[in-house]
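Accompanying notes for the structure given below.
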Amino acid sequence: MDHANDLDAYDLRILEALQHDGRLSNVELGEKVNLSPSQASRRVSRLVEDGYIRRFQAVLDPLKIGIGLTAYCLITLKIHSEGGMGDFHRRVKALPEILECQALTGEADYLLKIAVPDLKAFSDFLSENLMRAPEVAGIRSSIVLDSIKSGNEYAIPEPAKPHAGRGH
């Protein structure tokens with residue numbers, strides 16, 4: 001579903017500005033996108049209400065809060081029934097160390113992004129939470145050595161151009 005066509009150039013510029021800095025005031029946002037603060041505010045409210053903006057969130061520095069290790073784990077399940085997958089989904093959602101969980105095609109069933117203080121904490125986390133999970137058949141882990149690019153800012157598409165009429 002391509003809802004980007006429902007947005008005009010102002011909406012797209014607002015989304016781009018806010019995903020870069022969600023703390024912009026309505027005055028600052030209006031200046032960036034060439035709207036009055038009240039127009040910017042109304043548009044942001046509509047974008048939130050329509051689900052284009054899911055939430056506003058602070059991005060933390062992991063090292064400053066004691067998170068020194070990030071790892072990605074490929075998970076293969078033993079049980080591919082709704083119950084087995086549901087149990088795994090509930091387990092993943094209950095563990096704050098798991099930042100992301102993506103269902104995959106291919107050899108593995110899921111990709112997890114896990115953030116913990118250090119290697120010992122990672123080993124303990126795997127042993128206590130994933131290796132003992134009855135629905136998990138296999139785990140392949142890779143530890144992040146260096147983060148070259150990290151973020152979740154999407155490339156905002158250009159606004160749709162009106163189609164030229166035929167029959168000139």
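Can you compute the charge dipole magnitude of segment 60-129 about its Cα centre, using +1 on each Lys and Arg Cβ and -1 on each Asp and Glu Cβ, nothing else charged? Give it in debye, rounded to the nearest 20. Kindly include the intermediate steps, with their values, before the conclusion.
Working: 7 positive and 10 negative charges, 20 e Å.
So the dipole magnitude of segment 60-129 works out to roughly 100 debye.
If you count, for each residue, the other Cβ atoms within 10 Å and average over each peptide, how do 49-59, 134-144 line up from highest to lowest?
Going by the mean number of other Cβ atoms within 10 Å, highest first, we get 134-144, 49-59.
If you project the alpha carbons of the chain onto their three principal axes, what span does each projection cover, largest first, in Å?
65, 46, 28
Computing the accessible area with a 1.4 Å probe over protein heavy atoms, can you report the carbon and sulfur percentage for segment 14-64?
Summing carbon and sulfur atoms, their accessible area is 47 percent of the total for segment 14-64.
At a probe radius of 1.4 Å, what is the per-residue accessible area of Glu158, in Å² to the nearest 10?
My reading of the accessible area for Glu158 is about 150 Å².
Per residue, how many Å² of accessible area does segment 1-98 show with a 1.4 Å probe?
69 Å²
Quick one: how many lysine pairs in the chain have C-alpha atoms under 21 angstrom apart, if they're 8 or more apart or on different chains?
7
Based only on Cα atoms, what mean projected area does the convex hull of segment 3-100 have, in nm²?
9.5 nm²
Points 7 angstrom from Cα along the Cβ direction at Glu100 and His20: gap in nanometres?
2.2 nm
The values are calculated or read from the model by the stated rules, or taken from the named source; none is laboratory data. Only a predicted model underlies this, so the values are computations on that prediction, with no experimental measurement involved. Cβ coordinates were reconstructed from backbone atoms using ideal geometry, including for glycine residues, and neighbour counts include every protein chain displayed. Only protein heavy atoms, including side chains, enter the accessible area calculation; ligands, DNA and RNA are left aside. Shrake-Rupley method; radii C 1.70, N 1.55, O 1.52, S 1.80 Å.
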